[in-house]
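In what follows, a structure is listed as structure tokens, so that the remarks can point back to it.
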Amino acid sequence: MPESLWKRVSGLPLEIESFELERLELPVAPEFTRVTTVVHLHGAGAEGIGEDVTYGAPEQDAFQREGPTLPLAGAWALESFSDRLGELELFPDAPAQHAYLDYRRWAIESAALDLALRQAGSSLARAVDRDPRPITFVASMRLQEPPSLEPLERWLELYPGLRFKLDPLSSWDDSFVARLAELGKVDVADLKGAYKGTPVDQPPDPELYRRVAEGLPNVLIEDPALTPETGPVLEPHRDRVTWDAPIHSVDDVLALPFPPRVLNVKPSRFGPVRRLFDFYDWCAANGVANYGGGQFELGPGRGQIQYLASLFHPDASNDVAPGGFNAGLQPGLPASPLPPPDPAAPGFRLG
């Protein structure tokens, strides 16, 4: 049996002398400013970075105010540092969403992994014995009502090779789905069936599921809400059904209603690096393909998920497009595929 991914990095020595937090923010709409926090760990003349993608601005404000009191300094192995994090209260107050606990754990552990690799003079690629490859990506978009191909066509004028991940809505009739199929640029349809009480909720709609499954026969069908009405619609298309929001560990995969052939992997959902690496090992051993996803990162977290995509699923429909694709139509953005990271550059970051 090959050595596990976690085993390859868990014993890396890690020396932390100090850390600091950096606020990033981007106004997205009059009612929403995206806020993230970059974690900077310092030790032995090196720096490791990670990014907390928690969506609640109050949680980010509290972290930036009180986070520097966390007792992270010391001499560790990466594994013992992870164990210690599991004992700490990373939020001064309970966060609004349980998922935020994993987001913060990932931010600190990804920074620790970056720092440990830099202190060892090794890259993540070398540590896990994988060759980075160019990173294929899609652009994730939610079309406005009434649905129109115009936004996609405008992007394609600038980037003819661009492909998309879209959020289907009940207003998508057969004619619109047929025009999407003719366009031939959609890789993933995210049905948002796992979301409740958010601005992007899409209730289970058997007619919409039928239109997507039958009208877009080569598209991955992500996060359906399986009900007595929608389940039979998707049963003939199970080989294309994939999951994102429910997946935080191998146990979550084993709890799915049927074995998947492909899964979305958002590293920040997994929290500890070990949990993510165990997931990658399990998928490889069980023939489950992956594609990457992001969490609207504003800083180095985006490069880190691109790095992982380059190692584990470079040719997939990775929702890891450069951040400029979230900022509205503009020229001059990188085209897919992105150049891979330099395998000789120490650490865990792209660029």
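A few comments on the model shown:
- Subset of the stretch 220-229 that is of a type outside the set (D, E, K, R) and in contact with a Leu (Cβ under 9 Å, 6 or more places away or on another chain) - its residue that is nearest to residue 182 (Cα to Cα): 221
- Test result for residue 284, under 18 Å from residue 165 (Cβ atoms), of a type in the set (A, V, I, L, M), surrounded by fewer than 19 Cβ atoms within 10 Å (Cβ to Cβ) and out of contact with any Lys or Arg (no Cβ under 6 Å at 6 or more places or on another chain): no
- Qualifying residue in the stretch 128-144 (condition: hydrophobic (A, V, I, L, M, F, W, C), more than 17 Å from residue 220 (Cβ to Cβ) and open to solvent by 20 Å² or more (accessible area, probe 1.4 Å)): no
- Residues located in the stretch 23-57, provided they are of a type in the set (Asp, Glu) and free of Cβ contacts under 8 Å to residues at least 24 places away in the same chain: 31
- In a residue-by-residue description of the stretch 173-185, the property of being of a type in the set (S, T, N, Q) and either touching a Ser or Thr at 6+ places or on another chain (Cβ under 7 Å) or under 17 Å from residue 325 (Cα atoms) (or both) applies to no position.
- Filter pass, residue 295 being part of a helix (DSSP H, G or I), touching a residue at least 60 places away in the same chain (Cβ under 8 Å), on the phi < 0 side of the Ramachandran plot and not small (Gly, Ala, Ser): no
- One residue from 170, 175, 122 being hydroxyl-bearing (Ser, Thr, Tyr) and either touching a Phe, Trp or Tyr at 6+ places or on another chain (Cβ under 9 Å) or closer than 30 Å to residue 81 by Cβ (or both): 122
- Filter result for residue 110 (touching a residue at least 60 places away in the same chain (Cβ under 8 Å), touching an Asp or Glu at 6+ places or on another chain (Cβ under 6 Å), of a type in the set (S, T, N, Q) and not in a loop (DSSP other than H, G, I, E, B)): no
- Subset of the stretch 21-51 [touching a Gly at 6+ places or on another chain (Cβ under 9 Å) and farther than 20 Å from residue 122 by Cα]: 21, 22, 24, 26, 35, 36, 37, 38, 39, 51
- Flag if residue 324 is touching a Pro at 6+ places or on another chain (Cβ under 9 Å) and not β-branched (Val, Ile, Thr): yes
- Contact map, the stretch 268-281: first residue under 16 Å from residue 294 (Cα atoms) and outside any helix (DSSP H, G or I), second residue of a type outside the set (A, V, I, L, M) and open to solvent by 10 Å² or more (accessible area, probe 1.4 Å), Cβ cut-off under 6 Å, separation 6 or more or different chains; pairs are 271/102; 271/105; 271/106.
- Among all residues of the stretch 78-100, there is none that is touching a strand residue (DSSP E or B) at 6+ places or on another chain (Cβ under 7 Å), open to solvent by less than 30 Å² (accessible area, probe 1.4 Å), farther than 30 Å from residue 7 by Cβ and modelled with pLDDT of 95 or more.
- Residue match in the stretch 338-349 (condition: assigned to a helix (DSSP H, G or I) and either touching a residue at least 12 places away in the same chain (Cβ under 8 Å) or loosely packed, with under 15 Cβ neighbours inside 10 Å (or both)): no
- So residue 118, is it open to solvent by 60 Å² or more (accessible area, probe 1.4 Å), of a type outside the set (Asp, Glu) and closer than 27 Å to residue 342 by Cβ: yes
- Apart from one condition, residue 196 fits all of (1) without any contact (Cβ under 8 Å) to a residue 12 or more places away in the chain; (2) under 21 Å from the mean Cα position of the chain (by Cα); (3) over 30 Å from residue 105 (Cβ atoms); the exception is (3).
- Subset of the stretch 69-97 that is touching an Asp or Glu at 6+ places or on another chain (Cβ under 7 Å) and not hydrophobic (A, V, I, L, M, F, W, C) - its residue that is farthest from residue 274 (Cα to Cα): 92
The values are calculated or read from the model by the stated rules, or taken from the named source; none is laboratory data. On a predicted model such as this, the values are computed, not experimentally measured, just so you know. Backbone-built Cβ (ideal geometry, glycine too); neighbour counts: all protein chains shown. These area figures cover heavy atoms from the full protein model, side chains too; ligands, DNA and RNA do not enter into them. Shrake-Rupley method; radii C 1.70, N 1.55, O 1.52, S 1.80 Å.
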